[in-house]
């Protein structure tokens, strides 16, 4: 599960959409987001999930800190992605051993409670870049790349559209 | 080197910034972008590169197709990232063997010439997600993860600010 903190309109519209679609494509079961409620974001993520198959949830949370605390009590390991954290390769084995993982990504400024509450503060490199990139690489490593193979498409059952890998051009299957 | 196609203002402002910063953090030498010229994008990428060290270029190209053709003649292998392409794990060994790699990422709609000109059309999963995520995972795999380790920081010499990995909170070095 992925928690996106501090969504701001209109500034984060597209970046949060990318966070959601990356979460889905890389096998997360859903996204919880906080900050400003955004019905248009929710509708567009649901529409894509319906068309492209599989199960994926999106849910707004007004109180993300309380939600993190609750999920910790419920047994989730909390992984906060931040360029200030520990290098991913040094932590990936330990995190991959957890049964339930909540990956937290911020927008501009993350409250210090998140650093304290996190079981792991993890850096995908200690340079400024993108929470989308950090999320993608983390999910890739936690799953040892299985989301990139052809067989992962079986996660997206019930799709009205899907793709056949192609050397050139586009091979689209409908229905 | 990374080529970002079809930058649109204001729609792609932040996404293209993420493309640039991810390219830099993952060790690319620079970004070429096409679409709308954006001095503010260039200034912000240059400012970050100056503060955080290392060498990184950003350049506008009005004619990206001609540029791809020229770079091919100059010996660059062209890797176009698209959800329609071939699974990354099936191509990564062949691409990693190339000396000069141009990674091409599109915005909304990529001209069909790009699919034809590309030496490799590669999918980071065949589901819709994010060119930022696809770029990050591709650069990560091509470099076998070396951009995530502590020693990669030596690529960012001359920085006025850098970070020390931390389990909690922030360890910032200045000067």
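No lab work stands behind these numbers, since they all come straight from the coordinates. These numbers were taken from a predicted model, which means no experiment stands behind them. Reconstructed Cβ throughout: ideal geometry from the backbone, glycine too, with neighbour counts over all protein chains shown.
Entry for the protein assembly as shown at q = 0.08, 0.13 Å⁻¹: log10 I(q)/I(0) = -0.36, -1.01, Debye formula applied to identical alpha-carbon scatterers, no solvent contribution.
Backbone N atoms of the range A:45-72 closer than 17 Å to the 7 Å Cα→Cβ label point of residue A:150 are not found in any residue. Helix B:39-52 axis versus longest C-alpha principal axis of chain B: approximately 40°, rounded to the nearest ten.
Could you tell me which of rounded, prolate or oblate describes the range B:108-169, using a ≥ b ≥ c as the square roots of the eigenvalues of the alpha-carbon gyration tensor, with rounded for a/c under 1.5 and, failing that, prolate when a/b is larger than b/c and oblate otherwise? Don't skip to the answer; put the middle values down first.
Numbers: a/c = 2.64, a/b = 2.25, b/c = 1.17.
Taking the square roots of the gyration eigenvalues as a ≥ b ≥ c, the range B:108-169 is prolate.
With n ≥ 4 as the cut-off for DSSP H runs, can you work out [θ] at 222 nm for chain A, using -39500 (n - 2.57) per run divided by the number of residues, rounded to the nearest 500? Provide the component values of the computation, followed by the final result.
Working: 6 runs with 64 residues, N = 175.
Using -39500 (n - 2.57) per qualifying helix, the result is -11000 deg cm²/dmol.
Taken along the Cα-to-beta-carbon direction at a fixed 7 Å, the label points for residue B:74 and residue B:143 span 2.1 nm. Running Debye on the range B:1-133 with equal point scatterers at the Cα sites and no solvent, what base-10 log of I(q)/I(0) appears at q = 0.14, 0.19, 0.20 Å⁻¹? Debye intensities relative to I(0), on a log10 scale: -0.60, -1.14, -1.26.
Between 0 and 90 degrees, rounded to the nearest ten: what's the tilt of helix A:13-25 against the longest Cα principal axis of chain A? It is inclined by approximately 70 degrees.
Starting from the alpha-carbon convex hull of the range A:1-51, give the projected area averaged over all orientations, in nm².
On the way: hull surface 12.4 nm².
Averaged projected hull area, Cα only: 3.1 nm².
Summarising the label geometry, the points placed 7 Å from Cα in the beta-carbon direction at residue B:43 and residue B:57 lie 2.3 nm from one another.
Relative to the dominant Cα principal axis of chain A, helix A:64-73 is inclined by about 90°.
Restricting the count to DSSP beta bridges whose residues both fall in chain A, what percent are antiparallel, rounded to a multiple of 5? Write down the numbers at each step before the final one.
Details: 3 of 23 bridges.
Roughly 15 percent of the DSSP beta bridges within chain A come out antiparallel.
Subtracting the Cα-Cα distance of residue A:161 and residue A:96 from their residue separation scaled by 0.36 nm leaves 20.3 nm. The alpha carbon centroids of the range B:72-142 and the range B:35-59 are separated by 23 Å.
Of all DSSP beta bridges located in the protein assembly as shown, what percent are antiparallel, nearest 5?
On the way: 6 of 46 bridges.
Rounded to the nearest five, the antiparallel share is 15 percent.
Does the range B:25-91 come out rounded, prolate or oblate by the C-alpha gyration tensor, with a ≥ b ≥ c the root eigenvalues, rounded set by a/c under 1.5 and, if not, prolate when a/b is larger than b/c and oblate if not? Could the numbers behind the result be given before it?
Numbers: a/c = 1.94, a/b = 1.44, b/c = 1.34.
Prolate is the answer for the range B:25-91, as a/c is 1.5 or above and a/b outweighs b/c.
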